[in-house]
Amino acid sequence: YDLFRAPVLGGAPQRIVQDLGTGVSLTPDGSRMLYGRSNNPVGMFRVLTANTDGTDEKVVLTEDNNRFPELMTWSADAKQFLTLPWEGANGAYGPVEVRDGQTGKVDALVPSKRMYWFDLEWLPKGRGLLLAYQRLPNIFLGVQIGFLSSLESPLRQVTNDTNNYQTMTLSADGQTIAAVQQK
């Protein structure tokens, strides 16, 4: 896919990134973006950063396609980013990897053998992490929203019902969550 930027009040869209393989995460100040490019080179994926106009593109990480991250998001201070790879280190299921924003090296790993995480958002000012998750093996209970005050803290449920919550996003001030609720 290609990523375009369009003026809010109208005008021609402008292509800023080509061959996009993931969603895009913006730094809290909106100056840089983080995204993935799959099968580039063949059999590998890359995580890249660039200015929001597409300039100054830098490769942060290159790995085998089996570990392609489903999701990525910047930390509140933009010094780290989180990834949710398809397959975690040492076969962990559904881990969150905390990576250095400059080198892409794993700083920490938050494994979970009893949960699969679908979406994540780091709250402003490092106040915690919101995530959409599903407890295993009870996959029929739906995807719920949870909160971690730190990567070492226990998960606190935000929702606890039979619905699924998808495409979670946060307001800029981190006070409001929006998600698609599937009944």
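Descriptive notes on the structure:
- Computed over protein heavy atoms with a 1.4 angstrom probe, the accessible surface ordering of Arg156, Arg127, Arg46, largest first, is Arg156, Arg127, Arg46.
- Surface accessible to a 1.4 Å probe, Trp122 within the full protein complex, Å²: 50 Å²
- The Cα atoms of the chain cover 44, 41, 29 Å along the three principal axes, with the biggest extent listed first.
- Within a Gaussian network of the chain (alpha carbon springs, distance under 10 Å), most fluctuating of Gly101, Gly126, Gly21: Gly126
- Multiplying the residue separation of Leu20 and Arg135 by 0.36 nm and subtracting their alpha-carbon distance yields 38.4 nm.
- Summed side-chain charge close to Thr49 - residues other than Thr49 whose Cβ falls under 14 Å, Lys, Arg +1, Asp, Glu -1: +1
- All aspartates and glutamates inside 13 Å of Lys79 as judged from Cα atoms, apart from same-chain residues fewer than 8 positions distant: Asp29, Asp100, Asp107
- The range 114-168 and the range 1-76 have Cα centres lying 24 Å from one another.
- On a per residue basis, the range 15-78 carries 45 Å² of accessible surface, using protein heavy atoms and a 1.4 Å probe.
- Accessible-area composition of the chain, carbon plus sulfur, in percent [1.4 Å probe]: 52 percent
The values are calculated or read from the model by the stated rules, or taken from the named source; none is laboratory data. These numbers were taken from a predicted model, which means no experiment stands behind them. Backbone-built Cβ (ideal geometry, glycine too); neighbour counts: all protein chains shown. What goes into the accessible areas is simple: the full protein's heavy atoms, side chains included, and nothing from ligands, DNA or RNA. Shrake-Rupley method; radii C 1.70, N 1.55, O 1.52, S 1.80 Å.
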